[in-house]
Amino acid sequence: MTLLETDDLTVRFGEKTVLDGIGFTLAAGERLGLIGASGSGKSLTALAILGLLPEEAQVRGSIRLDGVELLGRGDRELSRLRGNRMAMVFQEPLSALNPLMRVGNQIGGPLRLHRGLSRKKALAEAISLAEQVGLPDPENLVRAYPHQLSGGQRQRVGIAMAVASRPALLLADEPTTALDVTVQAEILGLLDDLVTEQGTALLFVTHDLAVLAQVVRRVLVMGEGRVLESGSLETILRKPAHPYTRNLLELARAASFHRAPEAAR
Amino acid sequence: MRRAARRWRTLRTVASAVVRRPTGAFGVAVAAVLVLAAVVSVWWTPFDPQATDVRAAWLLPFQRGHLLGTDRVGHDQFSQLLAGSRETLFAATGSASIAAVLGIALGVTAVLSPRPVGAVVVQAIDLVIAFPGLLLAMVLAAVYGGSLATVVAAVGISAGVGVARVSRAEIARILSQDYVLAARAAGASTGRIVRKHLLPNIAPTLIVQLSLVMALAVLAEATLTYLGYGSSPSTPSWGGLLHTQQDYIRVRPLLVIWPGLAVALTVLGFNLLGDALRDATDPRLRSGVRS
Amino acid sequence: MTLTETGTATTLLEATGLHRSFHLPRRALLRPPPIRHAVRAVSLSLTEGTRLGIVGESGSGKSTLLRLLLALDRPDSGTVRYRGRPVTGRELTWFRREVQVVLQDPLNSLDPRSIVRDSIAEPLECLRIPGDHDARVAELLIAVGLEPDAAQRYPHEFSGGQRQRIAIARALAPRPRVLVADEPFSALDATVRGQIIEVVRDLVSRFGLSLILVSHDIGVVQQLCDELLVLKDGAVVEQGPTESVLTTPQHPYTRALLDAVPALPPVGGR
């Protein structure tokens, strides 16, 4: 069943076309990776789906969630969908969290808004979510402020907020780029588990092919606002069709850490 | 020299970026008129600003060649305004200079000194800020006698402490930037870092603050003179004009309007000039400078 | 141990028993402020021609260690020596001529209000290096693969990769013997990263530089460094030739670190 479908999605800022005819579909529970260099339009695609593009952006084409057109909807309707049917995990958890709000309220706030839970119920739910995303000592941790947490813990809070209302679609924009490798591995594992468990569809945006390979099986390669190539991860890795993809792959191979002793030199 | 040529070119790009926008052009025009008026009035005014002529009292504008008319003792108002602009200009530039030097010096000391000294400076800044500038001016006037110098000193000092207070966080932010670290690794001394990296980067915030200080100084000069703490009544000044003419506001409101308008226009001009300068000095904001 | 392997090569930069701790903000009025030990008993030596990688995650103390090695911060105890001479005191011109740095994010490490020429010439002026500075700047710009007319422009007019080239040119300006680089590739895009890695590799070998490369990216260190030092919580947990540390890690932390690195699935035919 198709959950998300974009068709000829085109975004322009004045004269400049930043997204050009993006079209793809995402089935319920499916995972799709968006990869490209900065400026390729991968993050803008995610923002466009969420309806979070800057006001001056001119958007054409179509974005349908559950068969319902999102483009041209009022902000009020979109914000009801955001955090309910779809949610986002951001790159820099510290700036995505309100520094003046306790962690428990950040996780529980949307629940009160979308599901009308009482303050007490929302906090209980926040604690159980904190536990689910592997935060230590959840009862006390929900009373902490974002700056008192480590980077990895903050990203876990960000994920807890995103999955709180069990969205059908989770968008993750470089969710591990700001993190250390050991923490990155944990967060990727957590995302993997949660998405499987809840049957959430995942749109994973990254510039890092090696990271992408840990999470998704289907990939969309983007460059200069266009979809250059799409296919299964295996195909992309084995037989990249577009020269840009080949270059990306070559660089990733060159830059990645070679484990096998014979590959070390 | 190549360096001088480069400086000149930067100056020209900044200037053209200021004048390109209407607000900036207006600010420049106001400042230019003020400077011109102050300079010209040293050698020439249509009438002797101090000359009293009872037969020429209460003249309306354009009567008998008096552009803005005369007051009850026959002072030519236009000449008085011209001569008064010297006081205004001196008050503005003097106060702003004192405020800039004092503010940066205090701010840098607060940030760069080892812990106890820096903390003491910060506390001292907070303490002095609590002391009203107007009161400082009155104290100075009481001790040294009221004059333009005391006005400038009072405004400069109290504004300088304010500048230090506002700039301290910005100074700390700039000094913790990687380019300062890189400069230290390149062997730059503290003095060089302040000159080459701190000052250019704090310029945008400083310029805006100083334009406010200049505006404030124009007002303060007028206010303090009006209150009788400024220049001696015999020296023509805009504040002095307001002070003397207010008694006749019902008889001849124009007499108060001229100096009032002059003060208001100057204050507005300085503020707009400050905004334009802030944007123009940032190479990232002024477009089309690729040489 | 690394000394014996390289035999007669001279030791350039040497640190012994470096300690550095910071006071954290007070938690309570009457209790002493808590202390964070950023660097604990770190010793290392860099022999001429060696490329040493320092690997560690955030909070491992690698940035603090780097500042100590560059004499931009003073250790609580321990010493840094260059060619046997202690690197202390106010007058460090001799040291800065020999040891230069490239920082992580070129957008922050170049003064936005200085034209490129002034940034690159800064070490030349500060370290009172004689000669025609403008000519040297042009020469450096060419060496890092930029046009000489870049000198008159501002950093914001360049791309991230170009900016990092400018930062590298600045570091090379006084003809140093040692280049210290703090995560020089991590702020760059994958496509650009490869190019800048090549620039560094090329310049290091062309000018016979010794390199200290701080990085969290094992892949980069593997490509560029022949010796490796693994830092955790301010202390060295493992040290040795890159190859042996990466293939047969001894310390459990090193093993965990290596295991966590995401890898592309192997594809047949390679």
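The values are calculated or read from the model by the stated rules, or taken from the named source; none is laboratory data. Here the structure is a predicted model, which means the values were calculated and not measured. Note that we place each Cβ from the backbone using ideal geometry, even for glycine, and neighbour counts take in every protein chain shown. Just the protein is used for accessible areas: all its heavy atoms, side chains included, with ligands, DNA and RNA removed. Shrake-Rupley method; radii C 1.70, N 1.55, O 1.52, S 1.80 Å.
Summary of computed values
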read-out	value
Cα centroid of region A:11-42 to Cα centroid of region B:3-54, whole Å	54
Modelled FRET efficiency - R0 51 Å, A:GLU131 with C:ARG175, Cβ distances, 0.05 increments	0.30
Charged-residue dipole, Cβ positions (Lys, Arg, Asp, Glu), region B:156-291 about Cα centre, Debye nearest 20	480
Tensor-based shape of chain B (alpha-carbon gyration tensor, a/c under 1.5 rounded, otherwise prolate or oblate)	oblate
Label point distance in nm, B:VAL19-B:ARG72, each placed 7 Å from Cα along Cα→Cβ	4.6
Helix-only [θ]222 nm of chain B, DSSP H runs n ≥ 4, -39500 (n - 2.57) each, per residue, nearest 500	-24000 deg cm²/dmol
Per-residue SASA entry for B:VAL30, accessible area with 1.4 Å probe, Å² rounded to 10	20
Radius ratio Rg over Rh of region C:46-85, counting only Cα atoms, Kirkwood formula for Rh	0.99
Cα gyration tensor, region A:107-220 - rounded (a/c under 1.5), prolate or oblate	oblate
A:ASP193 paired with A:HIS242, simple spin-label distance in nm, labels 7 Å along Cα-to-beta-carbon	3.5
Lysine pairs with alpha-carbon atoms under 29 Å apart, the protein assembly as shown, spacing 8 or more or separate chains	4
Chain C: translational diffusion in µm²/s, Stokes-Einstein, Kirkwood Rh over Cα pairs, 37 °C, 0.692 mPa s	166
Dipole moment magnitude, nearest 20 debye, chain A about Cα centre, only Lys, Arg, Asp, Glu C-beta charged	440
Diffusion constant of region A:1-74 at 37 °C, which comes from Stokes-Einstein with the Kirkwood Cα-pair radius and 0.692 mPa s, µm²/s	259
Extension reserve of the A:SER79-A:GLU55 stretch, reckoned as 0.36 nm per residue once the Cα distance is removed	7.1 nm
Rg to Rh, two decimals, where the protein assembly as shown supplies the alpha carbon set and Rh follows Kirkwood	1.05
With at most 15 other Cβ atoms within 10 Å, longest stretch of chain A clear of loop GluC sites (Glu not before Pro) (DSSP)	A:57-223
Dipole axis of the protein assembly as shown (+1 Lys, Arg; -1 Asp, Glu on Cβ), positive-most option in A:LEU100, A:ALA178, B:ILE125	B:ILE125
B:ILE257 accessible area, assembled protein chains, probe 1.4 Å, Å²	80
Shape call, chain A: gyration tensor on alpha carbons, a/c limit 1.5	oblate
Computed log₁₀ I(q)/I(0) - Debye formula, equal Cα scatterers, no solvent, region B:160-291, q 0.11, 0.13, 0.16 Å⁻¹	-0.59, -0.72, -0.88
Label-to-label distance, nm, for residues given as C:GLU198 and A:GLU92 (7 Å Cα→Cβ offset)	3.1
Residue with peak Gaussian network fluctuation, chain B [Cα springs, cutoff 10 Å], from B:SER16, B:SER237, B:SER158	B:SER16
Amide N of region A:28-60 lying under 11 Å from the label point, which is placed 7 angstrom from the Cα of A:THR177 along Cα→Cβ	A:36-44
Under the Debye formula (equal points on every Cα, no solvent term), log10 I(q)/I(0) of region B:1-126 at q = 0.22 Å⁻¹	-1.14
Normalised convex hull volume, region C:127-228, alpha-carbon set, Å³ per residue	107
Estimated 222 nm signal from helices in chain A, with DSSP H stretches of n ≥ 4 weighted -39500 (n - 2.57), rounded to 500	-12000 deg cm²/dmol
Efficiency of FRET between C:SER21 and A:ASP66 - r from beta-carbon atoms, R0 45 angstrom, step 0.05	0.20
Cα point-scatterer Debye curve for region C:77-189, base-10 log of I(q)/I(0) at q = 0.12, 0.15 Å⁻¹	-0.43, -0.65
Helix-only [θ]222 nm of chain C, DSSP H runs n ≥ 4, -39500 (n - 2.57) each, per residue, nearest 500	-10000 deg cm²/dmol
Longest segment of chain B lacking chymotrypsin sites (Phe, Trp or Tyr not before Pro) that sit in a DSSP loop with at most 13 other Cβ atoms within 10 Å	B:63-291
R0 of 41 Å, Cβ-Cβ distance B:SER113-B:THR10: FRET efficiency to nearest 0.05	0.80
Region C:135-188 versus region C:57-77: alpha-carbon centroid distance in Å	24
In Å², nearest 10: area of B:ILE207 left accessible to a 1.4 Å probe	40
Between helix B:77-112 and chain B: long-axis angle, C-alpha atoms, 0 to 90°, nearest 10	20
Per DSSP, loop GluC sites (Glu not before Pro) in region C:89-140 with at most 13 further Cβ within 10 Å	C:GLU91
Estimated dipole of region A:108-208 in Debye, rounded to 20 [Cβ of Lys and Arg +1, of Asp and Glu -1, Cα centre]	760
Whole-Å semi-axes of region A:181-265's equivalent ellipsoid (Cα gyration tensor)	23, 20, 11
